[in-house]
Amino acid sequence: MRRVPGPNMKIIVAIGFILIIGSLASALFFLMRDKGSTNRTVTALALRVGFSITLFILLLIAYRLGYIQPTGIIFR
């Protein structure tokens, strides 16, 4: 029996992607505004990496617990 990912898991993944894109956008903003005089760009990029790793681990755990299932394309 296949479990369909619930709307909760989809929302969590969407929020994770929004956090990653937001952190990347703030890094670009700080890069343009500060011209390299502060470490805010590095901090924003470090947060992006942290969000990405967290989302990846969350997806692995959700797969192992059966909350999400692969839905590969079937070739005939």
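Some observations on this one:
- The set of residues in region 24-43 that are in a helix (DSSP H, G or I) and either closer than 19 Å to A14 by Cα or among the basic types (K, R) (or both) comprises L24, A25, S26, R33, R40.
Every residue, every condition in (1) modelled with pLDDT under 85; (2) under 13 Å from the mean Cα position of the chain (by Cα); (3) surrounded by 11 or more Cβ atoms within 10 Å (Cβ to Cβ); (4) charged (D, E, K, R), yes or no:
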site	(1), (2), (3), (4)
V4	yes, no, no, no
A25	no, no, yes, no
F30	no, no, yes, no
R33	no, no, yes, yes
G36	yes, no, no, no
N39	no, no, yes, no
V49	no, yes, yes, no
L58	no, yes, yes, no
I68	yes, no, yes, no
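- Region 38-60 residues that are without any contact (Cβ under 8 Å) to a residue 40 or more places away in the chain, paired with ones that are assigned to a helix (DSSP H, G or I) and of a type in the set (V, I, T) (beta carbon under 6 Å, 6 or more apart): R48/I20; F51/I20; S52/I20
- Scanning region 45-76 for residues that are in a helix (DSSP H, G or I), of a type in the set (G, A, S) and over 11 Å from I20 (Cβ atoms) returns A46, A62.
The values are calculated or read from the model by the stated rules, or taken from the named source; none is laboratory data. Source: prediction; values computed, not measured. Here Cβ is always computed from backbone atoms with ideal geometry, including for glycine, and neighbour counts include all displayed protein chains.
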